[in-house]
Every structure is written in C-alpha cells, then in structure tokens.
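A short worksheet on the structure shown next.
The values are calculated or read from the model by the stated rules, or taken from the named source; none is laboratory data. Worth saying up front: this structure is predicted, and the values here are computed from it rather than measured. A quick note on method: Cβ atoms are made from the backbone with ideal geometry, for glycine too, and the neighbour counts reach across all protein chains shown. The protein model used for the area step is the full one, side chains on, heavy atoms only, and it has no ligands, DNA or RNA in it. Shrake-Rupley method; radii C 1.70, N 1.55, O 1.52, S 1.80 Å.
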Amino acid sequence: MGLSHLSMIRTHPEVRMVGVCDATGYVLDVLAKYTGMPVFKDFVGMLDQAKPDAVIIATPTHLHAAMVRQAIERGIHVFCEKPLVIDPAEGAALTQLARERQVITQVGYHNRFVASFQEVHRLLELGTIGPVKTALAEAYGPVVLKPAGRTWRSQRASGGGSLYDYAAHPLNLLTWYLGEPIGVTGRLTSIFSAQIDDAVVASLRYPQGTAQLCVNWSDESQRKMSTKMTLWGTHGRIYADRQEIQVYLRDTATIPEGYRPGWNVRYTTDMTEAPWFYLRGEEYSAQLAAFVTRVASGSLDGENDFASATLTDRVIAAISDDSAREAPPLTPLPTEGELRPPPVVRRRGVSAAIALVRQRARATLRAATGKDRP
Amino acid sequence: MTTDQPRVMDRLLFGDNQFFGVNHMSEEKARSQQMRFQDIGAVMKVLDIAYDEGVTTFMCTTHERIAEVCDLVRASPQRYAGMKFFPCMPYAHKYANAITDDGFLGAIRKFLPDEGLLDSVMRGTSSFARKDIEGVATLLIDAELKMFAGLSTPVIWMQNVVADLLLGLGFTDAFRIFADHVRLRYGAEPAFITMNLPQLLDALEVAGVENPIVCANINKLGFRMSGGIEAYREAMDTRPFRAVAMSVFASGAIAPREALEWVCQLPNLESIVFGASSRANIVSTRDLVNEFWPAGS
C-alpha cells in the first residue's frame, strides 16, 4: 500500500475504495480504527473477497510481478508503481497476459503527466528542434546521505538502489522522447550504501544520436528530487524540469505556434489545470485520473502502459548488466624508449603525411604486441 | 459568510518559502534564494525589514533553521516585542527522509522524545501499543513546537502535506485531536493549510472543529485551487470559516496590483500570507493591501 496513493484515489469522485492491503498490520489496524476502511493482510484474499475492478500496487519492486499476475488473471485492471519488474522478460510476459485478458495497465511514471515534460514531447513530435543528436537526462536528490538504511530500498534484489528508484524516471522520459536505444553502457557507483548503487552514469546510443544519463541520490544540495532533461537538435535546444521548459530555437527551426526564434520559456504552473484533489503535485493526481478514465472507458492503450514501462525496464537491466562487465582499460602509453623524439623528417606534403602515418602505426603496433612488424 | 469572532490574525502574514528554496516556478530561482539565505543573518535582515514595516507575524515551518530565528528573537525581547510566530507543522521533508531510512514505524519512533517527562513516556509507549493515535500525535506536535518555547504563537498550523493526506484517507479524527491539543496545551488557535479547501471544510465540520482558520491557494488564476475557483468562491460566501489566502500572485504569474485587488474584495478573508526578499516588495505589498482593503472594513 502507498499511503499517498490511497489518499488520492479514495477522494476520486468516480472511485469506490473496497479494500486496502498492507504487510504492516499496525498501520492497517490504525486505518481501520480511525477511518473504517476494509483492510486485508492477504493480497489474494482481498482480490477474491473485495472483487475490485482495478487495483493499485505500490509495494517493493521485487513483489510486483507475482501480485500483478494475480490481478491480471482475475481480469482486474492494474496500476503498478515504477519500475514495473526487475526482470524485463517477466514484464514482457505480463504485458502479453494483460493483452490477452483485455486488462488495462499503467505504471507510475508520473513525469509523463508533468506539463513541462509533456511539452518537450509535443515539440519533439513536431520536429521543432530537428533530429536530437545529443541529450542529457539527470536526476539528483538527498535520499542516501549516510551509511545506513535497513529497508527494502537498501537491497538490490528487492529493487533498491538509485538505478531502479531514481534513474528509472529520467530513463523513462528518454524512452518517451527518443524511443528504443540500440546500445546501452553504464556504470553504477556506491557512495554511502553497502549493497546498492547511489549513483548511475550511462550512455545510450540511438540511430541518430546519443544520450547521457547522470543520476545521484546522495546529493544533499537538493531540497528534493530534481529531474532535468536537456536535448540538443540541429535546430535548437530544449531544457525541462518539473517547473519549466526553456527552448532555444534557431532561425532554421520550424517555429510552432506561440514560439519564436531564440529563447522561449513556459512554466508548468501556467500549463496545468487544478485536479480534483491535490496532495503532492498535480501529476500524481493526473496519472491516477488518467487510469480511472481508461478503466471507465475500457481503453487498453494509454500513457505508461506495461509495454512502455517494459522498455524502461530493459534499459535499466542493460545498464545493470553492463556495469557488471569489465570496462576497456585506458589506451596504454608508449614505453620509455618509444618516448624519444622521432628523427626529424625533412619531407613535405603527401610524402610527409604518409611517413607520419607509418611512424604512428609502428608505435601503436609496438605498444600492442611489442613487435615492429606483424 | 462572516463571523463575529474577534480577529486574531493580522491582515498580512509573512511567509518563509523564499528562505528555504521553495519556488513553484523555477529551480534556478529556488537555488539562488537558498544561496542568498544560507546564513541566518540574511534571513533576519529580511525579517527585520518586514517587522519594521509593520508586518510582524511570521508564518513559518518548523524547519530546523527556524530554531535559529527563534533563538535570536528570544535573545532580543525588546527589539521584537510585537513579534508573533504562526508555526506550520510538521516540516514534512524530515519525516519523508526518515521513512526512507527507518520505515514508517521507525520514523515515528525516531521523532518521539527519547528522554523527558514521565508524561511523554506514558503518552508515547502506551498509546503506541494501543494503536491510539492521539497520544503519539500530541507527542509529535510537542516535539515540533519545542523550538518556539517562550515566544508568542497565537495560531498553530497543520501543514498541507499532512492535512491533505489525512483528508484523503478520511482520518478526520486527527483534525479534532490536533485542534484540541493546540487549544488546551498552547492556548492557541488551531489552523489548517490545504490545497483542497472545499473538501477540507467538509471534513473539519465532521470533526467538529468550529469556525476553523484555513489557509489555501486563493488567486485570480485558480492556480492550485482543487475543485475549481467557483467552488472556492462559494465556500467563502457560504461556509463558516476564517480564510487565509496564499499564492495570491500564483507564483508570480499575476501582477501584484491585479492580484491583490482581486483577492482583497473576497468575502470572509481574514489574512493574506506572502513571501518577499526585499524592502521594496514588502512595502509595496503592504501598501497595496492597505489601498484595497482599508482597515476597519
């Protein structure tokens, strides 16, 4: 159970809450005592007794797959917190199962419901800045600031660590903006945690360009989590965070309505409607509202469905896999003897260039094999 | 709907978002404010200006740095003879971080006083075991308010993150527990900050909190006014409560004159809370409020 999910969904005018399940009996007892909510300690028991149309799953990541499956098999629509699962193959299987059972699925990547990040997507769809050649996806925050922690978040096998918990957000935006990468490399770094990563860097390769990811959740200078996206195209640059989008457009860009060449700034506050209920940001309410609307109208396709979340899981898994591999070492320097200045060559033009290339080739060969000739 | 209770609040309350890097529009601006106000001296300088210009109520979170402000004010009772604090509690970020570290129950235990009077121990442990939230909640309130000891705190607020979480959960008893404790132990008026004004008024009525003081976003643009601007207007016309408007400039999206002219003509408005970092902005806000909302009206 996520307390904030519960608080938001309970107030939705089209939703009747029929049951709450949590492993912590204490919290359930307090809720039952003070709010009269029907509470359950057993998830499957709740599904079978309360018979909900839809369920919100906000548990540690390693528990998602089994719970999601139980729900789908009963034809219950599922909203699941991010990341969807740890093993992407499982995500693919659940995506297919949901399709077969005509179950509506959604994953809690709330940034896709932030107006500034939505505007980035709209501008990219319009081709405003041309093909994106490079991008930078960042997330920083003050989560782990000392060697401590005994919750599921401090265990990698449970889905803990900054890769699953933090990097998932900017990676999800990258997959939204740029699609499926064709190559992924990455490195995980522990700063304070004993068993998990507190920072992630990664490179993603796309047919037309590259993207960099930089994430650190041990950054005390941040008041709270901050996610930032910067994209450079041939016709301009876009920067966005939760609050605003700053767009620089060159004269060569096709200028969308309301924009102009040079700098353009739009604020999330200006682009956002007040929701039915506000708890921690409009986007959290908006994503639940979208899910409720999809369930009511029976629309299987929608933002953040399992197929889309599985792509993010695949990128996460690729970074994790690559981080376990040996990185190629630094190119070796020439040995002492090879550092002597080469004899002065008094040739010019093409013959000089050829001589130089030969000289370098020999040095490289020596460095690699210790021999002058193959 | 107006009430005949005597006014306990000034028309203008000085907020503290600007001191802690809270800015709803720009992360860059938030960071430059954090840099500017990292020395408590810079905060005091602005508070002094506000105080000297007649804005003598400081509506502030229970952020640990406010404890430094409290110390300085306590140290100069003459200088700050008319200074009032309206504490807003809890400072939610420290609880959120503690929950990440220690889990839900661990976090609550962490903030309960670990030493002290027998009273605290009794209220804490036995009520914790009985799942009686009243004992634990009142202990947490006391822990939050410790830094204001000896200062004037005629109004004590429950922060919106907590008020709205409880509202969503349907935990209406918590509002009564808070109100009773604040009245009995501190002789203060309980007050509530919310992003969901019409819904919170319903819950407070159910909880039996009469004529409550409620602070919400109230601005011409309808920015963060959940349920819509019309529902807010209707609430102000018809419901028995004392309204405090925040975000009247909608994070800078409305020009000050236009924003204040609109908000000052609303019925049942008791106060406006605003943040500013310069004398010019403090003075112009004060003067505009005096112009559109003459004293005695």
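A few points about this structure:
- Test: residue in segment A:202-220 that is within 14 Å of chain B (Cβ to nearest Cβ), of a type in the set (Phe, Trp, Tyr) and either open to solvent by 60 Å² or more (accessible area, probe 1.4 Å) or over 19 Å from A:Asp321 (Cα atoms) (or both): yes
- Residue within segment B:47-70 that is under 20 Å from the mean Cα position of the chain (by Cα), β-branched (Val, Ile, Thr) and part of a helix (DSSP H, G or I) present: yes
- The conditions of being under 17 Å from the mean Cα position of the chain (by Cα), over 27 Å from B:His24 (Cα atoms) and aromatic (Phe, Trp, Tyr) are met by B:Phe148.
- For segment B:156-172, a residue qualifies if it is in contact (Cβ under 8 Å) with a residue 40 or more places away in the chain and either basic (Lys, Arg) or facing another protein chain (nearest Cβ under 8 Å) (or both), and exactly one does: B:Val161.
- Exactly one residue out of B:Asn281, B:Asn290, B:Asn268 is on the phi > 0 side of the Ramachandran plot, open to solvent by 10 Å² or more (accessible area, probe 1.4 Å) and away from chain A (no Cβ under 14 Å), and it is B:Asn268.
- For first residues located in segment B:231-252 and under 23 Å from B:Arg286 (Cα atoms), partners that are basic (Lys, Arg) and crowded, with 21+ Cβ neighbours inside 10 Å and lie 6+ apart or on another chain with Cβ distances below 8 Å form the pairs B:Ser247/B:Arg224.
Matching residues to (1) within 14 Å of chain A (Cβ to nearest Cβ); (2) open to solvent by less than 20 Å² (accessible area, probe 1.4 Å):
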| position | (1), (2) |
| --- | --- |
| B:Phe175 | yes, yes |
| B:Ala179 | no, yes |
| B:Asp202 | yes, no |
| B:Gly227 | yes, no |
| B:Ala243 | no, yes |
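- Among residues of segment A:141-193, those that are within 14 Å of the chain's Cα centre (by Cα), closer than 27 Å to B:Arg31 by Cβ, among the hydroxyl-bearing types (Ser, Thr, Tyr) and more than 14 Å from chain B (Cβ to nearest Cβ), counted: 1
- Considering segment A:116-138, and only residues there that are part of a helix (DSSP H, G or I) and under 17 Å from the mean Cα position of the chain (by Cα), the residue that is farthest from the other protein chains (Cβ to nearest Cβ) turns out to be A:His121.
Matching residues to (1) without any contact (Cβ under 8 Å) to a residue 40 or more places away in the chain; (2) closer than 18 Å to A:Val292 by Cα; (3) hydrophobic (A, V, I, L, M, F, W, C):
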{"site": "A:Glu14", "(1), (2), (3)": "no, yes, no"}
{"site": "A:Asp29", "(1), (2), (3)": "yes, no, no"}
{"site": "A:Val39", "(1), (2), (3)": "yes, no, yes"}
{"site": "A:Gln49", "(1), (2), (3)": "yes, no, no"}
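- Output for segment A:84-140, where each listed residue is farther than 30 Å from A:Pro261 by Cβ and of a type in the set (S, T, N, Q): A:Thr95, A:Gln96, A:Gln102, A:Thr105, A:Gln106
- In segment A:7-21, residue least open to solvent (accessible area, probe 1.4 Å) [restricted to those that are part of a loop (DSSP other than H, G, I, E, B) and away from every other protein chain (no Cβ under 11 Å)]: A:Gly19
- Qualifying position, being under 25 Å from B:Asp173 (Cβ atoms), more than 14 Å from every other protein chain (Cβ to nearest Cβ) and open to solvent by 30 Å² or more (accessible area, probe 1.4 Å), among B:Arg239, B:Arg257: B:Arg239
- Test: B:Gly222 is farther than 17 Å from B:Phe14 by Cα and open to solvent by 50 Å² or more (accessible area, probe 1.4 Å): no
- Residues within segment A:258-277 that are under 24 Å from B:Lys29 (Cα atoms), within 14 Å of chain B (Cβ to nearest Cβ) and not hydrophobic (A, V, I, L, M, F, W, C), tallied: 7
- Any hit, segment B:28-38, residues being more than 14 Å from chain A (Cβ to nearest Cβ) and surrounded by 20 or more Cβ atoms within 10 Å (Cβ to Cβ): no
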